[in-house]
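J.: Quick one: structure below, then a few questions.
The values are calculated or read from the model by the stated rules, or taken from the named source; none is laboratory data. Only a predicted model underlies this, so the values are computations on that prediction, with no experimental measurement involved. A quick note on method: Cβ atoms are made from the backbone with ideal geometry, for glycine too, and the neighbour counts reach across all protein chains shown.
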Amino acid sequence: MSGVKYISSREAAAILNVSARRVVGLCNEGCFAGAYQQGRGWKIPEQEVYLYMNAGRGEKESLLSCAVGNTSFADVVQSSYYVDKTLLIRDLIDDHAAVTLFTRPRRFGKTLAMDMLKIFFEESEEDTSVYFQDKKIWSCGEKYRNLQGKFPVISLTFKDVKFDSWKESLEAIRIVVRDEYMRHKELFSAEKLDPVEREYLCRMQAGTLTDVEYTRALLYLSRMLEKCHESKVLILIDEYDTPIQQGHSRGFYNEVITFMRNFMSGGLKDNSALAFGVLTGILRVSKENLFSGLNNPVVNSVLDDKYSEYFGFTEEEVMAMAGYFGHSEKMSEIREWYDGYRFGHTEIYNPWSVANYFQNNCQPKPFWTNTSDNEIIREIIASLTPEIAENLFDLMQDKTVQTSLNMDVIYPQIKDGSDSIYSFLLVAGYLKPVGEVIETEYGSFLELSLPNKEVRRVYNSEILFWLRSALEGNVMAELEKALFLSDSDRLKSALRKYMLSCISSFDGAMEGFYHGMMLGLAAGMSSKYFIRSNREAGEGRFDLALEPKSFSMPCILMEFKATKDEHALCQTAERALEQIRDKQYDVEFRSRGFSDIAKYGIAFCGKNVEIVME
């Protein structure tokens with residue numbers, strides 16, 4: 001047996017994408033040469049599992065495809081490679097929670113999971129058990145099998161409610177709700193409904209309900225389904241916060257929050273017709289703003305251990321995929337690009353990107369980061385403080401940041417301090433936890449870093465592209481050229497042009513604003529310079545230093561001052577330069593071998609700037 005790698009029946013089941021019970025049956029049938037029973041389980045030569053999987057498969061074209069973008073559970077399990085997440089059903093049943101909210105990054109399998117729940121639980125004329133009989137949930141016992149196909153289900157998704165106005169968004173929500181009513185055709189001929197309910201149905205069908213009446217649509221639909229089916233109802237709401245994010249970005253946040261609060265409370269709060277409810281989204285909108293009065297929903301975030309393996313792919317699952325597609329040797333590349341997330345204590349890969357990777361002949365690309373315009377990220381970057389900007393630049397250089405957490409952040413507050421910003425970046429998939437959450441009397445604290453190469457591309461390309469595109473014409477190139485040539489007049493002209501086009505007059509009230517602006521501009525040169533801000537040097541702390549990665553380029557020291565007196569700009573800039581000299585900020589850099597050090601004293605007043613240098 002030496003040199004042979006043995007795996008468990010559970011590991012073999014993951015590779016073959018079947019239940020562990022099915023693997024045991026195959027072992028009893030003698031399908032794996034060299035397999036032997038150990039206790040209640042089996043030890044199976046790994047190579048035999050792959051030989052069995054490939055037996056009779058023939059040409060590569062007969063491989064199942066990855067279900068990229070397909071969120072229909074029935075379609076995926078019948079015609080595509082499916083990573084079995086059906087034990088989510090078992091855990092939801094065992095937990096008995098009235099309402100569960102899962103917050104995960106976009107494209108981490110939330111919509112497919114919700115469709116799986118719908119098909120498993122929903123009463124249907126079709127025998128939907130066929131989709132689960134070879135899956136893990138089916139081997140969990142009669143308790144779970146007896147619940148298959150036993151409930152009426154309300155299934156809504158707001159993932160496509162992305163419009164620029166509240167009027168359009170509300171109309172889209174109304175259509176989503178009306179379509180779900182129309183899906184339950186049995187209601188329109190149900191004799192158990194009273195006249196008021198029948199009238200409501202007719203007006204729903206005709207589209208004549210008022211906005212206020214629509215806020216009760218979830219409650220009324222669940223009550224009517226309970227009457228018709230004589231069974232409690234499941235309510236599934238996918239991507240509940242998409243309209244809310246749009247409302248924040250497009251200026252109708254209060255309207256959408258008011259509507260969604262009343263709509264969801266009607267169906268999920270004190271609803272006697274409810275068996276249980278499941279919601280998914282990216283961000284947990286705090287109870288005070290949306291879930292006020294809801295019956296203590298269980299919120300499961302990226303920091304929680306429970307359910308951690310059901311959204312995204314685990315290491316074991318990705319290894320099984322790599323083996324299935326004949327590319328086990330690619331695992332190190334897959335880890336580098338798409339691994340690095342951690343939900344609870346579970347290592348997680350980005351499922352969207354991994355599926356795209358195998359579907360695209362194992363060519364690594366930023367698949368996930370190319371599926372969104374990252375509008376919220378850009379909003380955060382546009383309002384950087386010097387501290388946060390510095391931390392983001394550290395992240396781009398493979399460092400970590402320490403931050404407090406605010407997991408109840410709401411969209412209008414995502415820019416209110418570092419705890420809100422980093423908490424949002426964490427739940428949205430742009431940061432990952434390093435180590436454990438530290439709980440103190442002052443709050444929760446966590447160390448964060450970038451997950452992988454794919455996400456680093458957001459920071460190194462898209463964020464920097466946004467910074468560059470915010471500058472008119474060739475201003476960024478002018479800034480780089482001015483600094484390289486140590487040309488203060490050219491630098492002054494470029495900064496003046498930038499401020500005239502990109503900031504409003506009231507922005508220039510405090511020195512901290514200008515510091516953050518300059519730090520943001522410096523990000524565009526992070527490929528050539530190490531960006532340092534507010535660091536101790538000499539006898540004080542300099543404002544900004546650009547330490548070149550090559551000795552052929554000048555080292556740059558900057559000190560910023562702000563004044564409300566435009567006539568004092570020159571004098572203020574001189575004071576800034578004098579501070580660099582007096583505090584001997586250049587000593588540290590000279591000790592490291594830099595002889596060419598350009599020192600800039602920069603003074604700002606509104607949209608005006610003055611620069612002196614030596």
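J.: When both residues are 6+ apart or on different chains and their Cβ atoms are under 7 Å apart, which pairs have a first residue that lies in the stretch 171-195 and is in the same structural domain as ILE237 (by TED's automatic domain parsing), and a second that is surrounded by 12 or more Cβ atoms within 10 Å (Cβ to Cβ) and of a type in the set (Gly, Ala, Ser)?
T.: Note: pairs meeting the criteria are VAL177/ALA217; GLU180/SER155.
J.: Still on this model: Filter the stretch 428-458 for residues that are assigned to a helix (DSSP H, G or I) and either of a type in the set (Val, Ile, Thr) or modelled with pLDDT under 75 (or both); which is surrounded by the fewest Cβ atoms within 10 Å (Cβ to Cβ)?
T.: Of all residues in the stretch 428-458, those assigned to a helix (DSSP H, G or I) come to 453-458.
Those left that are additionally either of a type in the set (Val, Ile, Thr) or modelled with pLDDT under 75 (or both): 455, 458.
Values: VAL455: 27, VAL458: 22.
Of everything passing the filter in the stretch 428-458, VAL458 is surrounded by the fewest Cβ atoms within 10 Å (Cβ to Cβ).
J.: If I filter the stretch 1-17 down to residues being over 15 Å from GLN47 (Cβ atoms) and crowded, with 18+ Cβ neighbours inside 10 Å, which single residue comes out as modelled with the lowest pLDDT?
T.: That would be ASN17.
J.: Same structure, new question: Consider only pairs whose beta carbons are under 9 Å apart and that are at least six residues apart or on different chains; among these, list those whose first residue lies in the stretch 256-280 and is at positive phi and assigned to a helix (DSSP H, G or I) and whose second residue is of a type in the set (S, T, N, Q) and surrounded by 24 or more Cβ atoms within 10 Å (Cβ to Cβ).
T.: none
J.: Scanning for something under 26 Å from GLY149 (Cα atoms), among the aromatic types (Phe, Trp, Tyr) and in contact (Cβ under 8 Å) with a residue 24 or more places away in the chain, does the stretch 240-250 turn up at least one residue?
T.: We begin by selecting, within the stretch 240-250, every residue under 26 Å from GLY149 (Cα atoms); these are 240.
Still in the running and among the aromatic types (Phe, Trp, Tyr): 240.
Right, trim to in contact (Cβ under 8 Å) with a residue 24 or more places away in the chain and you get 240.
Yes: one or more hits.
J.: Further, regarding this structure: Could you go through the stretch 547-560 and let me know if any residue there is at pLDDT below 85, touching a Phe, Trp or Tyr at 6+ places or on another chain (Cβ under 8 Å) and not in a loop (DSSP other than H, G, I, E, B).
T.: Among the residues of the stretch 547-560, not one is at pLDDT below 85, touching a Phe, Trp or Tyr at 6+ places or on another chain (Cβ under 8 Å) and not in a loop (DSSP other than H, G, I, E, B), which makes the answer no.
J.: Another one. Which members of the stretch 168-222 meet the condition of being of a type in the set (A, V, I, L, M) and over 31 Å from the mean Cα position of the chain (by Cα)?
T.: So in the stretch 168-222, the residues of a type in the set (A, V, I, L, M) come out as 170, 172-173, 175-177, 182, 187, 190, 193, 196, 201, 204, 206, 209, 212, 217-219, 221.
Answer for the stretch 168-222, where residues must be of a type in the set (A, V, I, L, M) and over 31 Å from the mean Cα position of the chain (by Cα): MET182, LEU187, ALA190, LEU193, VAL196, LEU201, MET204, ALA206, LEU209, VAL212, LEU221.
J.: Right, here's the next one. In the stretch 586-614, which residues are within 40 Å of the chain's Cα centre (by Cα), among the small types (Gly, Ala, Ser) and at pLDDT 85 or above?
T.: Result: ALA603, single match.
J.: Taking interchain pairs and intrachain pairs at least six residues apart, which have beta carbon atoms under 6 angstrom, with the first residue in the stretch 64-83 and closer than 18 Å to MET53 by Cβ and outside the structural domain of GLY326 (by TED's automatic domain parsing) and the second among the aliphatic types (A, V, I, L, M) and outside any loop (DSSP other than H, G, I, E, B)?
T.: CYS66/ALA355; TYR82/VAL76
J.: Collect the residues in the stretch 90-110 that are crowded, with 19+ Cβ neighbours inside 10 Å and closer than 25 Å to ASP339 by Cβ, keeping them in residue-number order.
T.: PHE102, THR103, ARG104, PRO105, ARG107, PHE108, GLY109, LYS110 - these are the residues of the stretch 90-110 that are crowded, with 19+ Cβ neighbours inside 10 Å and closer than 25 Å to ASP339 by Cβ.
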